[in-house]
Amino acid sequence: MTPTPNQSIASIAEHFQVAQADFGFQQTGSVITILVKDKDPTAIDSVLVDGVKLESSGDKVFNYDMGQEISVDVSLASDSEHSDTASDPLRHVTSHTFPVQNLSLPNSAVAQSSSATRTRIRYQTYIGSDFVIAPPPCTGAFHNVTPFTYFTGNGRSWDADSDSYKTRFDSIITWGADPNVKKEVSVGESQVVFGVPPFDYVVEARATASSQSMQLQTTVLSPEYVSFGIKQNVPNPFCIGADGINFDLHFYVRRDGVYTLSGNYLPVPYHEVYARDNVDPSWRQILRGGSELFICFTPLVGNVCDVNALSQRSAF
């Protein structure tokens with residue numbers, strides 16, 4: 001039922017039957033709608049998109065918007081409960097799975113995205129302010145006198161290509177017969193200034209934190225999709241004993257740009273995530289979030305801030 005490359009249509013409708021239910025499938029643009037009519041009142045019917053179960057919007061109507069996803073696999077399943085034991089041979093489960101192409105995207109975009117040979121995902125953190133006041137417990141080769149001791153920030157807003165950042169973690173995916181994922185990581189310099197910035201101050205000390213905690217672990221490699229985790233905990237080099245800029249995240253990325261991102265991160269300071277491939281070199285946003293609640297990094301106190309749980313699925 002997937003449209004051929006020459007089809008120029010805005011909608012499509014199909015009807016599927018499994019042993020315990022009738023499924024009516026309709027697609028308009030990127031929106032999929034599925035209606036279920038039971039043939040067995042004891043059956044449990046479900047709709048999955050790429051393995052994720054959809055919740056009914058009412059009266060066994062299921063909706064899913066593909067957004068910018070190139071394609072998805074839709075599974076229609078009906079499970080007849082003849083017993084309470086899932087392994088019972090009398091229990092009857094039937095299903096039907098089929099691919100769906102996004103009708104809202106031009107066919108040229110589908111072909112282009114599927115031909116990528118390299119994808120780069122960039123995870124950056126930065127401090128938006130030019131200067132932030134140093135907490136009293138931070139000590140080192142400088143005078144820490146409140147309120148005259150500051151750390152330098154990055155003085156910017158969202159920008160994937162900026163050379164000013166606290167941490168940068170790039171994951172580079174190579175597609176094809178010999179797929180792999182490699183990392184490129186770097187940490188920005190930290191400076192301590194004394195005075196009344198931005199009017200009158202001197203730089204008292206400079207240091208760059210270690211990138212040792214910035215780790216990548218690949219779990220699945222295939223020509224069309226990869227799965228890998230990235231994590232870090234990079235502290236301010238002048239605040240010994242404080243928590244650092246940290247995250248622990250997992251990516252599943254398909255060659256056509258569909259991805260899932262899950263895990264957790266401490267939303268301090270600002271976090272920005274972008275992706276691009278060799279077919280379209282412009283950065284596409286995946287995540288922007290965070291704040292400048294620097295009490296989270298106060299030495300000797302411990303982490304008093306909650307991490308943010310993250311779970312999203314989309315396409316770039």
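Every number here is computed from the coordinates shown, using simple stated rules; none is lab data. Values in this document were obtained by computation on a predicted structure and should not be read as measured data. A quick note on method: Cβ atoms are made from the backbone with ideal geometry, for glycine too, and the neighbour counts reach across all protein chains shown.
Some observations on this one:
- Think of the chain as a dipole: +1 on every Lys or Arg Cβ, -1 on every Asp or Glu Cβ, centred on the Cα centre; then among 123, 197, 76, 197 lies furthest on the positive end.
- 4 °C / 1.567 mPa s Stokes-Einstein diffusion coefficient of region 183-260, Kirkwood radius on C-alpha pairs, µm²/s: 84
- Other residues whose C-beta falls under 15 angstrom from the C-beta of residue 264 contribute a net charge of -2, scoring Lys and Arg +1 and Asp and Glu -1.
- Lys/Arg +1, Asp/Glu -1 at C-beta; the chain dipole; positive extreme among 185, 208, 99: 208
- Where Rh is the Kirkwood radius over Cα pairs, Rg/Rh for region 175-316: 1.04
- Placing +1 on the Cβ of every Lys and Arg and -1 on the Cβ of every Asp and Glu, with no other charges, gives the chain a dipole of roughly 720 debye about its Cα centre.
- The ranking of 288, 122, 313 from fewest to most other beta carbons within 10 Å of each one's beta carbon is 288, 313, 122.
- Burial ranking of peptide ranges 270-278, 194-202 (average Cβ count within 10 Å, highest at the top): 270-278, 194-202
- Among 39, 53, 231, 166, sorting on how many other beta-carbon atoms sit within 10 Å of each Cβ, with the fewest leading, yields 53, 39, 231, 166.
- Each Lys or Arg adds one and each Asp or Glu takes one away; over the other residues whose Cβ falls under 10 Å from the Cβ of residue 233, this sums to -1.
- The label point for residue 63 and the one for residue 118, both projected 7 Å from the Cα toward the Cβ, are 4.2 nm apart.
- Pairs of Lys residues in the chain, spaced 8 or more positions apart or belonging to different chains, with C-alpha separations under 25 angstrom: 9 in total.
- Placing a pseudo-label 7 Å from each Cα along the Cα-to-Cβ vector at residue 38 and residue 309 gives an inter-label distance of 3.0 nm.
- Exposure proxy shown here: for 45, 243, the number of other Cβ atoms within 10 Å sets the order, fewest to most, as 243, 45.
- Projected onto its three principal axes, the C-alpha set of region 123-178 covers 58, 23, 13 Å, listed from the longest axis down.
- Cα lying deepest toward the dipole's positive end in the chain, options 259, 173, 28, charges on Cβ: 173
- Residue-span extension gain [residue 22 to residue 146] - 0.36 nm each, minus C-alpha spacing: 37.5 nm
- Calculated FRET efficiency for the pair residue 202/residue 227, C-beta based, R₀ 41 Å, to 0.05: 0.25
- Kirkwood Rh (inverse of mean 1/r, distinct Cα pairs), the chain, angstrom: 22.8
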